């Protein structure tokens, strides 16, 4: 398990770093990740190269500071409650969104690509949350409800196609 700290004065750089790091964002710029260190290092180096190119081309650009810290089991245990809270909050939020999506699917008022795009976005976020739960060995009770709701949403999406 790795703890990654990202600091930048550019929101765009922070977003790109977030995608590169993967994992679970505990606080803005603080990530708990299970991404292999080598892959993470390559992604951070690619981001740094891009920033350097911007500095060379424009004479100025964003700043980026990244620290990657391997965690011991004891250190991870200390962070685990924080990770659990983040997963629970994200799951509750996703449950509410799945309810809204189901309502839109069943109402028949919205059709087409917009609804399928929304479904794909929810599917992606659902998978990332499940992956985080499994990788971090954190299984809050809300995850069971989320899995059941996902089955409902998937069945309804299948009927739309």
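Structure summary
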item: Residues satisfying the stated conditions in region 2-21, i.e. over 14 Å from residue 83 (Cβ atoms) and surrounded by 19 or more Cβ atoms within 10 Å (Cβ to Cβ); result: 6, 8, 13, 16, 17, 20, 21
item: Count of region 119-136 residues which are under 12 Å from residue 84 (Cβ atoms) and over 16 Å from the mean Cα position of the chain (by Cα); result: 0
item: Test: residue in region 77-98 that is free of Cβ contacts under 8 Å to residues at least 60 places away in the same chain and within 14 Å of residue 157 (Cα to Cα); result: yes
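Read-outs: derived from the displayed coordinates by stated rules, not from any lab. Only a predicted model underlies this, so the values are computations on that prediction, with no experimental measurement involved. Cβ atoms come from the backbone with ideal geometry, glycine included; neighbour counts cover every protein chain shown.
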